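All remarks here apply to the structure that follows.
Just so you know, all these numbers are worked out from the coordinates, no wet-lab data involved. Here the structure is a predicted model, which means the values were calculated and not measured. Cβ placement follows ideal geometry from the backbone for every residue including glycine, while neighbour counts extend to all protein chains displayed.
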Amino acid sequence: SREIRLTQHFTGPVKSDYFELSETDLPEPAEGEVVVRNAWLSVDPYMRGRMIGVKTYIDPFEVGAPLEGGAVGQVVQSKADGFAEGDWVMSMKGWREGYVAAADSLTKIDASVLPPEAYLGVAGLTGMTAYIGLKRIIELKAGETLWMSAAAGAVGSAGVQFAKAMGANVIATAGGQEKTDFCTEIGADAVVDYKATDDLAGAVRAAAEPFGGVDAYFENVGGDHLQAALDVIKPHGRMAVCGMIARYNDDTPLPGPTNLTQIIAKKLKVQGFILSDHFDLQGEFIKDLSDWMMAGKVKTRDTVYDGIEQTPDAFMGLFTGANIGKMLVKL
Ligand code: NDP
C-alpha cells in the first residue's frame, strides 16, 4: 500500500520536495480491527499549519510518517463486529491507499444516500464549517447581506448556498472569471473577481449597494481581503474568522490590516472559530442540509486529482487557487 510521507517541517511556499511517496506492507488485522482501502482523500488548507512543526490547536505532522487527513474508503477485510467487507467508512487516515485500524476509530457512512466523497465536502467537515460560521458565529438572518470570501472554494461554495437557503443576500469574491461564474451559478446575488480589481473594497461596496451594504463577512482569506472587509462592512457588522489562507505560506508574520480601528469605530463583532469546538451543532446541520438538498438548494462541484501520487499537487493547488469546489484526490 502506498502512502505520502512528510520529509521535513517547513515555512514558506509548499514544494513537492517536502513529500515522498513510500510503499508499506499493511499488517494483518487483529481482533476488532479492519483493513480499509481508501477511495477518496481530502486535502485542506489547515494541513499547512501542521507542516510547520509547532503545536497550534492541533499537533504537527510527524516527519517520516504518513500525513493524515479526511478520507473515505471501503472495508476489504474485517475482524470487527458490525463491520463487513464493502462497508464505507470515514477516517482521518488520508494521504494513503490503505490502512489497518480499530473499527471503533472509524465512522460508518451511508453511500446510498450521498456519494461517498460528499462526506468529505458539503456533508462533512467542510459543510459543517460553513454552517457553524453562518449559524453560530455570524448568526445570519434572512434579509441580511453576507460577503463570502474564497466563495468558489469548498467552504465558500457551501456557505454561499447555505446563506441563500437562510434567506440572506450574498456577495461572493473569488479569483478569476470561471470562479465568479460558478458563484453566480450557485446563487450568489453579486460577484467580484478580486484578481480583476485593484480596489477590492470599492468593488465589493458597489456590488453590495443594491442590497443595502454588507452586514456580515465570512473570512477565509486574510490580508487584503480583511483590510477591505473592515472598510466595507456596516456599523455593528459581524465577522466570522474561519481561515486566512493568504497568510499560511508566509515565512515571517506580516503586519496586519492598517485599519483595525474600524473594529472600534464601527462596533464590530469579530470572532474566530475552530470547527471541532462546535460538533454539538451536527444534528441541526444534518437536518438543515437534508432539507436544503431535498429542495434542490445545494449543488456540489469537486476538483478531482487522480491517484495517490497526485496528493501533494492537489494540496499545493489550494494555494494557487487550482480548485473550484472541494479539492479531492480519487484513488
Ligand atoms: P478552498 O477550497 O477555499 O481552497 C482554497 C482557496 O483559497 C483557493 O481555491 C483560492 O481561491 C483561495 N486562495 C488561496 N490563496 C489565496 C490568496 N493568497 N489570496 C486569496 N485567495 C486565496 O479551501 P477550504 O474551503 O477547505 O478552506 C477555506 C478556508 O477555511 C481556509 O482559510 C481554511 O483554512 C479555513 N477552514 C477553517 C476551518 C476552521 O475550523 N476554522 C475548517 C475548515 C477550513 P481563489 O482562486 O478564489 O483565490
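Give me the number: length gained by fully extending Thr320 to Ser112, i.e. 0.36 nm times residue separation minus the C-alpha to C-alpha distance, one decimal in nm.
Details: separation 208, 0.36 × 208 = 74.88 nm, distance 3.41 nm.
Full extension of this stretch gives 71.5 nm more.
The Cβ shell under 13 Å around Ala265 holds other residues with a net charge of +2, Lys and Arg each +1, Asp and Glu each -1. For Gly98, the shell of other residues with beta-carbons less than 12 Å away shows a net charge of 0, using +1 for Lys and Arg and -1 for Asp and Glu. Ignoring the sites themselves, the chain has its longest run without trypsin sites (Lys or Arg not before Pro) in a DSSP loop having at most 12 other Cβ atoms within 10 Å at 142-266.
Cβ-to-Cβ counts within 10 Å put Thr320, Thr303, Thr129 in ascending order as Thr320, Thr303, Thr129, the fewest first. Using the Cβ of Ala71 as centre and a radius below 15 Å, the other residues enclosed give a net charge of 0, where K and R count +1 and D and E count -1. The radius of gyration of the Cα set in the chain, together with its Dmax, comes out at 20.3, 63 angstrom. Report the longest stretch of the chain that contains none of the GluC sites (Glu not before Pro) sitting in a DSSP loop with at most 12 other Cβ atoms within 10 Å. Segment 140-331 is the longest. Once the Cα-Cα distance is subtracted from the 0.36 nm per residue extended length, the Glu139 to Thr24 segment shows a gain of 36.7 nm. Computed about the Cα centre, the dipole magnitude for the chain is approximately 1060 debye when only Lys and Arg (+1) and Asp and Glu (-1) carry charge, each at its Cβ.
By the count of neighbouring beta-carbon atoms within 10 Å, fewest first, Phe162, Phe319, Phe61, Phe218 end up ordered Phe319, Phe61, Phe162, Phe218. Close amide H pairs (under 5 Å, H built 1.01 Å from N) link Lys93 with Gly69, Ala71, residues at least 5 positions away or on another chain.
Once the Cβ-Cβ distance of Asp59 and Asp81 is raised to the sixth power relative to R0 = 51 Å, the FRET efficiency obtained is 0.95. The amide H of Tyr217, built 1.01 Å from its N in the peptide plane, has Trp147, Arg238, Met239, Ala240 as neighbours under 5 Å, considering only residues 5 or more places off or on other chains. Be a star and scan region 305-331 for residues whose amide nitrogen sits under 14 Å from the point 7 Å along the Cα-to-Cβ vector of Thr7. Under 14 Å, as judged by backbone N against the label point of Thr7, lie 312-313 of region 305-331.
Applying Stokes-Einstein at 37 °C and 0.692 mPa s to the Kirkwood radius of region 239-331, computed over alpha-carbon pairs, gives a translational diffusion coefficient of 191 µm² s⁻¹. Taking Cα centre as origin and charging only the Cβ of basic (Lys, Arg, +1) and acidic (Asp, Glu, -1) residues, the dipole magnitude of region 97-241 rounds to 440 debye. A straight line joining the Cα centroids of region 88-143 and region 233-302 runs 18 Å.
To the nearest 500 deg cm²/dmol, what mean residue ellipticity at 222 nm is calculated for the chain from DSSP H runs of n ≥ 4 alone, each contributing -39,500 (n - 2.57), summed and divided by the residues? Roughly -6000 deg cm²/dmol at 222 nm, from the helical runs in the chain. The stretch between Gln271 and Thr303 holds 8.5 nm of extra length on full extension. This uses 0.36 nm per residue minus the Cα-Cα distance.
Taking the empirical scaling 2.2 N^0.38 Å for compact globular proteins as reference, region 50-105 has a Cα radius of gyration ratio of 1.34. In plain terms, the residue of Trp88, Trp95, Trp40 with the fewest other Cβ atoms within 10 Å comes first and the most crowded comes last, giving Trp88, Trp40, Trp95. Normalised radius of gyration (Cα atoms, divided by 2.2 N^0.38 Å) for region 85-201: 1.29.
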